[in-house]
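Heads up, the thing below is written out as structure tokens.
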Amino acid sequence: MNKAEIIFKTIDFVKETLAEVEDVHGWYHTERVYKLSKKIAEAEKADMFVVELGALLHDIADYKFNDGDEKAGSRKSGEFLSSLGVGKEIIEYVGEIVDNVSFKGGNFTQSFKSLELDVVQDADRLDALGAIGIARAFAYGGYKKQEIHNPEIEPRLGMRKEEYKNNNSPSINHFYEKVLLLKDRMNTKTGKSLAESRHKFVEDYLEEFFKEWDGEA
């Protein structure tokens, strides 16, 4: 089976697997990350095949929906790629990307580092910024039955990984606990460039949000 066939079958597998997943982490999120990953990979001269597989499979079994199991994704992706006859080295490499792409509060040492992970991670983070990022933040907050905003609950900055995973603060706090931190945590030159305008959009949105919240606009 050639690389193009493997990618085609992986797309079908991901679409089917994520069909019932809430929209924030479903197929359309993965598709956006896939497209952004290819764009960044081309500019950064990364291994396109590894990047494509990593992007397509990065949320195949998100720990948030698998009882906090951070290895669920790499196991599922590994089983699938093995069924296609993909080599062990590629399977393990893609598994490392899947295991390490998530933000998880950002206050921890990443156990694996590579250009291909940098590319997929940047693409995933870009999808948490800008207009799409704002929509996703409130959609996920609604899914988790979180308040939109509560002035009495301050954002929790510098959370450790377990604290971040168990955090259930209002949706607006999420912008300070994660979204606004992403611009300065992008890995690649291309990712940093793409993050600038999306970050500014979020800042402008929050300024308007608080004016309206306080009855000033």
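Quick check, is S169 among the polar types (S, T, N, Q) and either in contact (Cβ under 8 Å) with a residue 40 or more places away in the chain or not in a helix (DSSP H, G or I) (or both)? In short, yes.
For every residue, the table says whether it meets (1) under 23 Å from L129 (Cα atoms); (2) in contact (Cβ under 8 Å) with a residue 40 or more places away in the chain; (3) touching a Cys at 6+ places or on another chain (Cβ under 8 Å).
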{"position": "T30", "(1), (2), (3)": "yes, no, no"}
{"position": "V50", "(1), (2), (3)": "no, yes, no"}
{"position": "H58", "(1), (2), (3)": "yes, yes, no"}
{"position": "R75", "(1), (2), (3)": "no, no, no"}
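Name the single residue, out of those in the range 15-49 being outside any helix (DSSP H, G or I) and under 19 Å from A137 (Cβ atoms), that is modelled with the highest pLDDT.
My answer is G26.
Here the helices (runs of 4 or more DSSP H) wholly within the range 66-165 that include at least 1 residues being over 15 Å from the mean Cα position of the chain (by Cα) and at pLDDT 90 or above are 72-83, 88-100, 115-126, 130-143. Restricting the range 19-63 to residues that are in contact with a helix residue (DSSP H, G or I) (Cβ under 9 Å, 6 or more places away or on another chain) and of a type in the set (F, W, Y), the residue that is farthest from E92 (Cα to Cα) is W27.
Before we move on, is V51 under 17 Å from L115 (Cα atoms) and surrounded by 14 or more Cβ atoms within 10 Å (Cβ to Cβ)? When the stated conditions are applied, V51 passes them.
The values are calculated or read from the model by the stated rules, or taken from the named source; none is laboratory data. Everything numeric in this text was worked out from a predicted model, so none of it was measured. Note that we place each Cβ from the backbone using ideal geometry, even for glycine, and neighbour counts take in every protein chain shown.
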